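Enquirer: Here it is, the structure, as structure tokens.
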Amino acid sequence: MRAIVTDIVNVHEAKTHLSKLLARVEAGEEIILARGGAPIAKIVPIPVQREWAGPGAWKGKYDIPDDAFEWSDEELREMFGSSIFPEESLADSPEGQ
């Protein structure tokens, strides 16, 4: 995300309102500091460095029930229009007898 320059602030005003200016920078703004109306510096947000959590980072943070991926033939027909094992379901269904 690119920061947006929104304001030019004189050094005296910046010293007086530093906390407020820093809050704006944290929100993504860039503030230009000026002395006598001439720009001399820029306050910019520092990008957050995110570390890769690696494989297994979600382990233990959620539970998947043991039967989460077990569906009946009827549920499979609803989802996909037919069973994923047609030879098995035809023998078991009334149409296949």
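Enquirer: What are the semi-axes of the equivalent ellipsoid for the range 4-43, taken as the square roots of 5 times the Cα gyration tensor eigenvalues, largest first, in whole Å? Write out the running numbers ahead of the final one.
Expert: On the way: eigenvalues 50, 28, 7 Å².
That gives 16, 12, 6 Å for the three semi-axes.
Enquirer: Can you sort His12, His17 so the residue with the fewest Cβ neighbours within 10 Å comes first?
Expert: Working: His12 9, His17 13.
Least crowded to most crowded, the residues run His12, His17.
Enquirer: Give me the number: length gained by fully extending Arg35 to Asp73, i.e. 0.36 nm times residue separation minus the C-alpha to C-alpha distance, one decimal in nm. If you can, show how the numbers build up before the last one.
Expert: On the way: separation 38, 0.36 × 38 = 13.68 nm, distance 7.56 nm.
So the extension gain works out to 6.1 nm.
Enquirer: Show me the ranking of peptides 59-65, 69-75 by mean Cβ neighbours inside 10 Å, starting with the highest. Please report the intermediate quantities before stating the final value.
Expert: On the way: 59-65: 6.7, 69-75: 11.1.
Put in order of decreasing packing, that is 69-75, 59-65.
Enquirer: For the range 4-43, with only Lys/Arg (+1) and Asp/Glu (-1) charged at the beta-carbon, what is the dipole magnitude about the Cα centre, in debye rounded to 20? Could the numbers behind the result be given before it?
Expert: Values: 5 positive and 5 negative charges, 31 e Å.
Roughly 160 debye, rounded to the nearest 20.
Enquirer: Projected area of the range 1-80, taken from the Cα convex hull and averaged over every viewing direction, in nm²?
Expert: Values: hull surface 42.0 nm².
Projected area, direction-averaged: 10.5 nm².
Enquirer: Now a separate question. Pairs of alpha-carbon atoms within less than 8 angstrom and 6+ residues apart define the contacts here; what relative contact order does the range 4-43 have, in percent? Don't skip to the end; give the middle numbers.
Expert: Details: 52 pairs, mean separation 18.3, N = 40.
Value for the range 4-43: 46 percent.
Computed from the coordinates by the stated procedures, all read-outs in this text should not be read as laboratory data. Remember, it's a predicted structure, so these values are computed and weren't measured experimentally. Glycine also receives a Cβ, built like all others from the backbone with ideal geometry; neighbour counts cover every protein chain displayed.
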